[in-house]
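The values are calculated or read from the model by the stated rules, or taken from the named source; none is laboratory data. What you see is a predicted model, and the numbers here were worked out from it, not measured in a lab. Here the Cβ positions follow ideal geometry from the backbone for every residue, glycine too, while neighbour counts run over all protein chains shown. Side chains included, ligands, DNA and RNA excluded: accessible areas come from the protein's heavy atoms. Shrake-Rupley method; radii C 1.70, N 1.55, O 1.52, S 1.80 Å.
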Amino acid sequence: MPFLEARRISYAYGERQVLRDVSLALKSGRFYGLLGPNGSGKTTLLDLLIANRQPAAGAISLQGRELGSYSRPDLARQMALVPQEFGLGFDFQVGEVVLMGRHPHIPRFATPGLKDLALSRRAMADLGVEHLQERLMTALSGGEKQRVVAARALAQDTPLLIMDEATANLDIQHTIQIFQVARRKVEAGGIVLAAIHDLNLAAAFCDEIFLLKEGALRAAGRPEEILVPAMIAEVYGIPCQAAFNDFNHSHQISFQWQQQRP
Amino acid sequence: MITTLSLVLLLAILLSAGMGYLAITPLEVAQIIWARISGASLPAGIDPTFGYVVWDVRLPRILTAVLVGGSLAVAGVLFQAILLNPLADPYTLGVSSGAAFGASLALLINIAFISVYSVPLFAFVGAVATLFVVLALASVDGRLGTSSLILSGVIVAAILSAGIGFIKHLADEQVAVIIFWLMGSFASRTWPHVGLVLGAAVAGLLIAFYYGRDLNIMALGQRSSDSLGVDTARTRKILLVVGSLVTATCVSVSGIIGFIGLITPHLMRFIVGPDNRKLVPVSFLAGAILLLGADTLTRAVLPSEVPIGVLTALIGGPFFCYIFRRKQLHALS
């Protein structure tokens, strides 16, 4: 049984249909990439999968049970989210924000236990933000903030980790750091579903790719099967070459950056 | 921090109850209160008039001020945390304008002849009606966005102040009564007033404290707080209604008193940090102390009584400028 399964789900904002008949299944120990051009419905699909919106048609089940039958705290023990945008209204410290990841595991009037503190500390260590523990969130750089948010989601210690273009604003060093941490979670039996814009990043880290085009699932499968020149030209309209790259040991794509002069 | 503030509040109550036209020592005040509570007779050497002045005149007024100050501060914490806006206060959703409109209407048609509580009742109904209009106006598809809430509050408040202006225009010589009510006062408040605000204060405190951790999580924004297991939309709605009802009770008892609900949470956030579980009780105590101080100032220190709402704005405004400026400069360094 897949951990999370969507069967023919659709969604519309008013008259505008943004998702049509999308079906997918997530299994343990796999790293999934959600790809597609801007406006292809990636964020809406993630919103449906985290029960932020209800599908207009179709069904989603989590561990065999209807997604809508889970309470918010139950859901928060199954999946964590690293959002793309992050704002914080008040001056919380980094350590406090990471510990917020333990919220669904701590009863209402209880204080955090040893396990909560240990998991927060380990998440901070994994993302290299321990030294920032007592700094205020508002005093961090964009990259530091995003790593703290990722640490918070990691501390949540859920089977499924969802990343919504989590590294869109990060430099290459921190992007790779976050993806390596996510990859280690997958090796340990977890599941990661990441909406990604960078095709090469997706090809390097993902076991399976879901490619969206105009609200429909255009293709699904291993990166080297999906990210081929014909498909990329069809979905993104950009000419490219794709081949196994010896240097980084993965299927990589090379784009034609400029128009060829005659 | 909580213990310190509680002691300061207790001391302030004893001191304040002794201040005024008849000066009574704090020890005598304590003896009078103890005698009243335990049912014993007053110790020899204390003028029975003192007993009447402390228990029936000053204490109801003092406790009303204490409870209103504390409640407004807690409501301020709630509104700032829900709207993710440090400039929000208990009046952001137009509750005060609704109460003011209700009270003005009651004063215009001179309904006070029916009962002393008819003006507070009208104010309360006005405040609650305004709250629901604002909530209806702000909700899209059952969702309440923070900026649409603030905007709806501003719009409704603007319409209501035009309405109040019109009522004042119609009121002729009654206009002084309306203006006086709007500026707020604790003069001649009685034990039933204390009971009324006590109910609102206790309910507000308990509910705010219950949701303290959820409020912290909600500072991360709706998408994140939902993913952390907080039912953000529902919690937001519950707390907006609770905060507004508490505020409506305060306003209907005391008129519109500004700045306490805005400044106290800021001041306390400086001291205990942004964690709402600490902020709520500490703000309650600090708001109580501040408003009692201001009311004692106008009642017993100043040569003639300045309306309390005017006084809090006169003291609070410049103070707020100072905090704001310091924070700005701090952010630069």
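Give me the Kirkwood hydrodynamic radius of the range A:19-88, using the inverse of the mean 1/r over all pairs of distinct Cα atoms, in Å to one decimal. Provide the component values of the computation, followed by the final result.
On the way: mean 1/r = 0.0730 Å⁻¹.
Result for the range A:19-88 stands at 13.7 Å.
Mind pulling the per residue volume of the convex hull built on the Cα atoms of the range A:85-129? Å³ is fine. Could you put the intermediate results ahead of the total?
Details: hull volume 4.4 nm³, N = 45.
In the range A:85-129, the Cα hull volume divided by residue count equals 98 Å³.
On a 0 to 90 degree scale, rounded to 10, what angle separates helix B:2-18 from the longest Cα axis of chain B?
40 degrees
Hey, how many Å between the Cα centroid of the range A:90-146 and the Cα centroid of the range B:250-293?
Value for the Cα centre distance between the two parts: 28 Å.
Report the net charge of residues surrounding A:ALA57, where surrounding means a beta-carbon distance below 14 angstrom and charges are Lys +1, Arg +1, Asp -1, Glu -1. Mind showing how you got there, number by number?
Values: positive: A:ARG7, A:ARG8, A:ARG20, A:ARG53; negative: A:ASP21.
Net charge around A:ALA57: +3.
Please list 3J(HN,Hα) in residue order for the range B:253-270, calculated via the Karplus relation 6.51 cos²θ - 1.76 cosθ + 1.60 where θ = phi - 60°; whole Hz, with x for glycine and proline.
For the range B:253-270, the Karplus curve yields 7, 10, x, 8, 10, x, 6, 4, x, 8, 7, 4, x, 4, 4, 6, 5, 4 Hz.
Whole-Å semi-axes of the range B:41-186's equivalent ellipsoid, largest first, each the root of 5 times a Cα gyration tensor eigenvalue?
Taking √(5λ) for each Cα gyration eigenvalue gives 35, 23, 11 Å.
Return the distance in nm (one decimal) between the two label points of a simple spin-label model at A:ARG218 and B:THR49, each offset 7 Å from Cα along Cα→Cβ.
It is 9.3 nm.
Net charge near B:LEU42: determine it from the other residues with C-beta under 10 Å of the C-beta of B:LEU42, scoring Lys and Arg +1 and Asp and Glu -1.
My count for the surroundings of B:LEU42 gives -1.
If I fit a long axis through the Cα atoms of helix A:172-187 and take the longest principal axis of the Cα atoms of chain A, what angle between them do I get, 0 to 90°, rounded to 10?
Approximately 80 degrees, to the nearest ten.
To the nearest 10 square angstrom, what accessible area does A:GLU214 show with a 1.4 Å probe?
130 Å²
Chain A: Rg/Rh from Cα coordinates, Kirkwood Rh?
Working: Rg = 19.1 Å, Rh = 19.4 Å.
Ratio of gyration radius to Kirkwood radius for chain A: 0.98.
Roughly how many percent of the accessible protein surface of the range A:91-157 is carbon and sulfur, given a 1.4 Å probe and a whole-percent answer?
52 percent
With the crude spin-label approximation of a point 7 Å out along Cα→Cβ, what separation in nm comes out for B:GLN174 versus A:ALA233?
Using points 7 Å along Cα→Cβ, the separation is 8.2 nm.
Under 4 °C and 1.567 mPa s, how fast does the range B:2-332 diffuse according to Stokes-Einstein, given a Kirkwood radius computed over C-alpha pairs? Answer in µm²/s, whole number.
Taking Rh from Cα pairs, D becomes 63 µm²/s.
Taking a probe of 1.4 Å, how large is the accessible area per residue of the range B:2-332, in Å²? Intermediate results must be reported in sequence, preceding the final value.
Values: 14130 Å² over 331 residues.
For the range B:2-332, the solvent-accessible area averages 43 Å² per residue.
How crowded by other chains is A:89-95, given as the mean number of beta carbons from other chains within 10 Å of each beta carbon? Could you put the intermediate results ahead of the total?
Values: counts 13, 14, 6, 6, 3, 0, 0.
That average works out to 6.
For the range B:229-332, with the dipole built from +1 on Lys and Arg beta-carbon atoms and -1 on Asp and Glu ones, taken about the Cα centre, which of B:ALA288, B:HIS266, B:GLY316 lies farthest toward the positive end?
The one lying farthest along the dipole's positive direction is B:HIS266.
By how many degrees, between 0 and 90 and to the nearest 10, does the Cα long axis of helix A:114-126 differ from the longest principal axis of chain A?
40 degrees
Can you tell me the dipole magnitude for the range A:91-157 around its Cα centre, using point charges on the Cβ only (Lys, Arg +1; Asp, Glu -1), in Debye to the nearest 20?
In debye, rounded to 20, the range A:91-157 gives about 160.
Two decimals is fine: what's Rg over Rh for the protein assembly as shown, C-alpha atoms, Kirkwood radius as Rh?
Ratio value, two decimals: 1.09.
Can you give the local net charge around B:GLY184? Use residues other than it whose beta-carbon is closer than 14 angstrom to its beta-carbon, Lys and Arg +1, Asp and Glu -1.
Taking every other residue near B:GLY184 into account, the sum is +1.
Enter the Cα centre distance for the pair the range A:168-189 and the range A:1-75, rounded to the nearest angstrom.
Between the Cα centres of the range A:168-189 and the range A:1-75 lies a distance of 23 Å.
Kirkwood Rh, Cα Rg: Rg to Rh for the range A:91-157?
Reported Rg/Rh (Cα atoms, Kirkwood Rh): 0.96.
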